[in-house]
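Read the structure below first, then the notes.
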Amino acid sequence: MQKNKSLATLLAFLLGGAGLHRFYLYGKKDVWAWLHLASLPLSGLGLLLLPGLDPYFPCLPLSLSVLAAWVETLVIGLTPDAAWDAKMGNAQPSDTRWPIAVLLVLTLGVGATGLIWTIARLFDLLYTGGAYG
């Protein structure tokens, strides 16, 4: 079955925290897809069981899943078309154009901002007790 590189990249960027891109690419037997998906109920359970704790900590599994998905977005999008087709066993050659480049630039900007925010918030909570936010 033909696997579309542009669709996989878009799924990884938008819904990668839930692992939908991995389900699209590798199916239900992919362990990493299930780990991404497990971050959703795990974070929700943490929010329910730890109501007095800052929401940053219970939502950390979901945050890490989303950050990992953005790295996967970059890996998928930067894979050359010929290598993508060989890896996925595509019969027809892929021809990704400028939308992939725009999505990669967007991913890099949003991903870097998310990573910096995550680190800054962690240091704020650990060293000042959340005095700055």
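Nothing in this text is a laboratory measurement; each read-out follows from the coordinates by a stated rule. What you see is a predicted model; the values in this text were computed from it and never measured. Cβ placement follows ideal geometry from the backbone for every residue including glycine, while neighbour counts extend to all protein chains displayed.
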*Would you list F57, F23, F123, F13 from fewest to most Cβ contacts within 10 Å?*
F123, F57, F23, F13
*When the Kirkwood radius is taken over all Cα pairs of the chain, what Stokes-Einstein diffusion coefficient follows at 4 °C and 1.567 mPa s, in µm²/s?*
80
_Under the span-like rule (Cα at least 30 Å along the axis, Kyte-Doolittle mean at least -1.0), DSSP H helices of the chain_ = 98-128
*What FRET efficiency comes out for the pair L67/D95, r = Cβ-Cβ distance, R0 = 35 Å, nearest 0.05?*
0.70
*Segment L7-K29, length gained on full extension (0.36 nm per residue, minus Cα span)*: 5.9 nm
*Quick one: compute the contact order of the chain, relative version, from alpha carbon pairs under 8 angstrom and 6+ residues apart, as a percent.*
27
*Taking the Cα centre of the chain as origin, sum charge times position over the Cβ atoms of Lys and Arg (+1) and Asp and Glu (-1), and report the length of that vector in debye to the nearest 20.*
280
*Modelled FRET efficiency - R0 41 Å, L49 with A82, Cβ distances, 0.05 increments*: 0.25
_Using the Cα atoms of the stretch 73-114, I'd like the radius of gyration and the largest Cα-Cα distance, Dmax, both in angstrom._
11.9, 38
